[in-house]
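Asks: The structure follows.
The values are calculated or read from the model by the stated rules, or taken from the named source; none is laboratory data. Since we're looking at a predicted model, the values are computed, not measured. Glycine also receives a Cβ, built like all others from the backbone with ideal geometry; neighbour counts cover every protein chain displayed.
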Amino acid sequence: MHQLTGVIFRHSGNIRSISIIEDQPTVTRIYFELDLPGPVEALAQEIESLEVVRKVERVQSLQKIYGKRIIIMGGGAQVGQVALGAISEADRHNIRGEHISVDTIPLVGEHTLAAAVRACRRLARVKALVLAGSIMGGEIEAAVREVRAEGLLVISLNMAGSVPDASDLVVTDPVQAGVMAVMAVAETAKFTIDRLRRRVF
């Protein structure tokens, strides 16, 4: 790894993300997303000349293919309804050139959900989190405040518990929550949460 990153450094490259896709005793596949000031061909040739490298392949970035990510987590029924709104709205924007993907994970339990909320900051390209359940608070609220402080948009269903008080936006209708999450991150939408006069719908 230090040899690969050394070459990237010499070419003034900025590593935006890195993933070890496959790690076996005889071969390891590593995926880099880079910003480069110069042509990529020179960097690719130097990396391929390293003894530890068998092959270099240029691919489209995950940012280009999958784009911005919206994560929906919480109770299964509510997650499904939020996903219905988010996927339908994302399709409308993606047809016009956006790249927005929607990920879902049904979860239960205060500490499980709190850990998942905090983990969103370690996931690449996540722009918004929607919490879909009937009651959330305690450690989940603390996790929501942490990720919001780091710039992640958090939308909550109108539920029991303290999580709605800690969120950027509270929406009663789960389908509408999904729609608003997509509109908030889409560049092809004119919807901005900061301009709303109220935050509970």
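Asks: Does ARG148 fit the bill of being among the charged types (D, E, K, R), touching a strand residue (DSSP E or B) at 6+ places or on another chain (Cβ under 7 Å) and at pLDDT 90 or above?
Replies: yes
Asks: Out of SER61, SER101, SER88, SER19, I need the residue that is more than 30 Å from VAL179 (Cβ to Cβ) and either assigned by TED's automatic domain parsing to the domain that holds GLY178 or of a type in the set (Ser, Thr, Tyr) (or both). Which one?
Replies: None of the others qualify; the one that does is SER19.
Asks: So which residues in region 17-71 are outside any strand (DSSP E or B) and touching a residue at least 60 places away in the same chain (Cβ under 8 Å), if there are any at all?
Replies: Residues satisfying the conditions are LEU62, GLN63.
Asks: So, one more: Residue pairs, Cβ under 6 Å, 6 or more apart or interchain, first in region 108-123 and in contact (Cβ under 8 Å) with a residue 40 or more places away in the chain, second among the small types (Gly, Ala, Ser). List them.
Replies: What qualifies is VAL117/ALA143.
Asks: Pick out, from region 91-201, the helices (runs of 4 or more DSSP H) lying fully within it that include 3 or more residues that are within 15 Å of ILE72 (Cα to Cα).
Replies: By residue number, 110-119, 139-149, 174-185.
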